[in-house]
Amino acid sequence: MPRKADVKNKTMKSPETMISLVWRRFRRHPGAMFGAVILTILVISVLLAGLSPHDPEISDIKNRFQPPSWTYLFGTDGLGRDVLVRVLYGGRVSLTVGFLVVGISLSIGVPIGSAAGYFGGWVDNFLSKVIDATLSLPALMFMILLAAILREIDLPILKSDSKITIAVVLGVLSWPTVARLVRAVFFTFREMEYVTAAKALGASDLRIIIREILPNGLGPIIVESTLGVGYAIMEESTLSFLGFGIMPPTPSWGNLLDNAQEHLAEYPWLAIFPGLMIFLTIISINFIGDGVRDALDPYKILTQIDE
Amino acid sequence: MGQYIVRRLLQAIPMLLLVSILLFALVNVAPGGPLSQFSRSRRMTAERAESLKRQFGLDKPLPVQYVVWLAGNDWMAIDTDGNGITDSYGTRKGVLRGDFGFSYQNREPVLPQIMDRLPNTVYLMGLTLIVVAIVAIPIGIISAVKQYSAFDITVTTLSFMGRAMPEFWLGLILILVFYVGLDNPVTGKSLLPGGGMYTIGADFSIVDRVKHLILPVSMGVVGWVAWWSRFLRSSMLEVINQDYIRTARAKGQNERKVLYRHALKNALIPLVTMIMIDFPYVFTGAIVVEQLFSWPGMGRMYYDAATSRDYPMLMGVLILGSIVIILSNLMADIIYAYLDPRVRYD
C-alpha cells in the first residue's frame, strides 16, 4: 500500500516515450556518438562555408596550384580557387543530393512496398516483378545511361539543376530496397489481431496501412534511410567522378577528384582532401546508422542480459 | 528439385523480356538515332535517308521496332522506295540471333566488339574475386570463432573503414603512393606501373603482368573484403549460437570438428549465395577501375560509349549485364535450394 508520504512527496514520472528511450540507448553507444559528433562538425562547417574569404568559383590564375598553406588551408586548384572552400561547397551538394535521394526512394518505395505487402495477390506479383526487374539492372552502368539520356532531353526541371537530375538517377535505382523492406514488414504484421480488429471496426485500407502496420516498420525504415544517405553520397561521388553527375564548375566531392586525376603527380593535395571528406562523412553516417539500429532493436536487451 | 529449377527458369524469361523492354523504351526516348552518323555524309540525299529509315525499320511504330530489334526483320518484307510496294527484306537479324546492331562510333557490329574486350575485364575482375575469396573467408571465420578478440576487433574496425572508402579515391591514393611516390630501388623508376595491362612492346612476362595487376586488384579487393568478412562473420556467429552446436559440444566432439563439420558447412550456405549474387560484378563492376588504370576492358569501352552517346553499344552491354545478373540470381537460388532442402517447397 503506497504510504501517504510517498504519494505526496514524489510526483509521478510521465512514462518514457519511445523517442527518449531510443535516444538514451543511442547515447550509450560510443561509436554512434562519435559518428554523430563528426557529422555535426561536418554539417556545421559545410553550412559556414560562406564565411571563407575565398570564392569557390572565381578563378585567380596567379595563385593556381598552391600547396596547402596558412592562406589556403587545402591549397588551390588549377584555376586558383581555394580547395577548402570548394570542398565545403561540394559537401553541401553531396549532402543535399544524399537527402534528396533518400526522399525519393522513400516516396516511391514506401507506397509500392505497402501496396505489395498489404494487398498481396496479383498486386504483389506485379510489383515484385517490377522490383526484381529494377534490381536486375547493372547499377552503375544503368545510372550512367540514364544520366546521359537525361542530359540530352530538355525537361525543364531537370535541366536547371543537376542536383535534382542526379538525385532522380540515383533514386530510380534505390527505391526497390526500401520497397522490399516495407513489403516484408507488411507480410509480418498483416495477420495481427489489431489489424483484424480495425477491419471489423470498418477502418479503410489506407487507414490500416498508415495507422496500424506502417509504424511497425518505422525502425528498419529509419535505419535504412540513414545508411541510404551514405550510399547515395558514395554513388553520387562515383557518378560525378566519371563525369556523369554534378557538372563543373559546381563543386562536388566526386568531380573535384576527377579534376585532381590529371595532376596527381605534381599536386597531390587536390586528390587527398575531397576523398577524405567522403570517407569521413560516410564513416560517421555508418556509425550513426549502426547506433540507431542497435537503439531500435528490441532484442538487444536480451543479448545484453546474456552477456 | 528438378521442378524447382524449371519453375525458376520459367520465371527468369519474362524478367529478361521486361528488362529488355524497359531498356529499349528508355534508349528510344533519347535523340540521336542511328541515322545521325550518316547525316554528315555528302552522298546522303533525302530519298536515301528515307530508304535507310525504312530499311532499319525506323518508320514503324515502337512496339514493332522492339520486335524487329529482338527478332530481326530479314523475314519481314519492307518497302525501301516508299511507293507502297514491298520489294526487299530487312537486314537485321535481331538480338535473339546475336545481332545487337551497329555501334554509332565505328559502324562495326556491337557484339563482336564487346566479346573482344570482355576477356580483359573478366581477367581483372575474376582475379579480384578470387583474391577477395581467399582473404575474406578465413578472416570472417576466424573473426567469428574468436569473437571480441584483438583480431576480431581489428578486423571489424578495418572492415568498417573499408566500407566507407570510395573506390576511386583508394585507387588514386594507391597510384599516388606506388607510382608517383615510391621508386623501384633497382631501376630507379616507379615501383608499380600506373596503368595498362602489360608493358607495351615488351615480351610476355608473368612478373610484368602481375605488376600491372597489383594496384587495380587491390583497389577492388579492399571494399569487397570489407563487406564479405563482415557478412561471413555474422552468418558464422548465427550458426555457432545454434542449439545443435551446443549439443555437439556437449556430446564431447572436439572443437575443431564442431567448427568444420557442423558450423562451417551451414554458414557456407549464405556465403555461396552471396558469392553468386556478387558474381555479376566480374562483368559489370569494372568501369571505375578500368578508367583509373587505363585498362583495355569492357568497362572502359562502356564509359567511352556513354560519353559519345553510342546507344547500340550501351544497350548491348546493359542487356548482357542484365542476363548475367538474372542468371546468377537463378544459380544462387538453385544452389541454395540444393544445399538447404527447406527452401524447395516455396
Pick from segment A:200-239 the residues that are at pLDDT 90 or above and among the acidic types (Asp, Glu): which of them is surrounded by the most Cβ atoms within 10 Å (Cβ to Cβ)? A:236
Failed item in (1) under 30 Å from residue A:264 (Cβ atoms); (2) assigned to a helix (DSSP H, G or I), with residue B:333 passing the rest: (1)
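Condition check: more than 18 Å from residue A:135 (Cβ to Cβ), within 8 Å of chain A (Cβ to nearest Cβ) and free of Cβ contacts under 8 Å to residues at least 60 places away in the same chain. Does residue B:306 satisfy that?
Working: more than 18 Å from residue A:135 (Cβ to Cβ): yes; within 8 Å of chain A (Cβ to nearest Cβ): yes; free of Cβ contacts under 8 Å to residues at least 60 places away in the same chain: yes.
In short, yes.
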Could you pull out the residue among B:237, B:264, B:271 that is crowded, with 19+ Cβ neighbours inside 10 Å, assigned to a helix (DSSP H, G or I) and hydrophobic (A, V, I, L, M, F, W, C)? B:271
Could you list, in sequence order, the residues of segment A:209-243 that are touching a Leu at 6+ places or on another chain (Cβ under 9 Å), of a type outside the set (Gly, Ala, Ser) and within 12 Å of another protein chain (Cβ to nearest Cβ)? A:231, A:233, A:235, A:236, A:238, A:239, A:241, A:242
Residue count, segment B:119-173, condition among the aliphatic types (A, V, I, L, M) and within 14 Å of chain A (Cβ to nearest Cβ), comes to 9
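Please determine, by comparing only the residues of segment A:240-259 that are hydrophobic (A, V, I, L, M, F, W, C) and surrounded by fewer than 24 Cβ atoms within 10 Å (Cβ to Cβ), which one is modelled with the lowest pLDDT. Reasoning before the result, please.
Initially, segment A:240-259 is screened for residues hydrophobic (A, V, I, L, M, F, W, C), giving A:241-242, A:244, A:246-247, A:253, A:256-257.
After this cut, where a residue has to be surrounded by fewer than 24 Cβ atoms within 10 Å (Cβ to Cβ) as well, the list is A:242, A:247.
Numbers: A:242: 92, A:247: 83.
The extreme case among them is A:247.
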Does at least one position in segment A:77-94 carry a residue that is assigned to a helix (DSSP H, G or I), buried (at least 18 other Cβ atoms within 10 Å of the Cβ), within 11 Å of chain B (Cβ to nearest Cβ) and in contact with a Leu (Cβ under 7 Å, 6 or more places away or on another chain)? no
Search segment A:227-251 for residues that are closer than 20 Å to residue A:82 by Cβ and pair each with any residue that is part of a loop (DSSP other than H, G, I, E, B) and of a type in the set (A, V, I, L, M, F, W, C) when their beta-carbon atoms are under 9 Å apart and the residues are at least 6 apart or on different chains. A:240/A:246; A:240/A:247; A:249/A:79
With the condition kept exactly as written, say whether any residue in segment A:47-68 is farther than 18 Å from residue A:230 by Cα, surrounded by 13 or more Cβ atoms within 10 Å (Cβ to Cβ), within 24 Å of the chain's Cα centre (by Cα) and of a type in the set (Gly, Ala, Ser). yes
Search result, residues across segment B:213-265 that are touching a residue at least 40 places away in the same chain (Cβ under 8 Å) and of a type in the set (Phe, Trp, Tyr): B:224, B:227, B:228, B:231
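Given the options A:250, A:238, name the one that is under 30 Å from residue B:156 (Cα atoms) and not acidic (Asp, Glu).
A:238
Is it fair to say residue A:276 is of a type outside the set (Gly, Ala, Ser), in a helix (DSSP H, G or I) and more than 9 Å from chain B (Cβ to nearest Cβ)? Please lay out each step first, then the result.
Numbers: of a type outside the set (Gly, Ala, Ser): yes; in a helix (DSSP H, G or I): yes; more than 9 Å from chain B (Cβ to nearest Cβ): no.
Criteria not met by residue A:276.
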In segment B:275-294, residue surrounded by the fewest Cβ atoms within 10 Å (Cβ to Cβ) [restricted to those that are outside any helix (DSSP H, G or I) and within 8 Å of chain A (Cβ to nearest Cβ)]: B:280
Restricting attention to segment A:53-71, does a residue exist that is of a type in the set (D, E, K, R) and under 27 Å from residue A:283 (Cβ atoms)? no
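Which helices (runs of 4 or more DSSP H) does segment A:95-179 wholly contain that include 2 or more residues that are surrounded by 19 or more Cβ atoms within 10 Å (Cβ to Cβ), in contact (Cβ under 8 Å) with a residue 24 or more places away in the chain and not acidic (Asp, Glu)?
Working: elements: A:121-135, A:139-152, A:156-160.
Once the helices (runs of 4 or more DSSP H) in segment A:95-179 are filtered for at least 2 residues that are surrounded by 19 or more Cβ atoms within 10 Å (Cβ to Cβ), in contact (Cβ under 8 Å) with a residue 24 or more places away in the chain and not acidic (Asp, Glu), what remains is A:121-135, A:139-152.
The values are calculated or read from the model by the stated rules, or taken from the named source; none is laboratory data. Only a predicted model underlies this, so the values are computations on that prediction, with no experimental measurement involved. Reconstructed Cβ throughout: ideal geometry from the backbone, glycine too, with neighbour counts over all protein chains shown.
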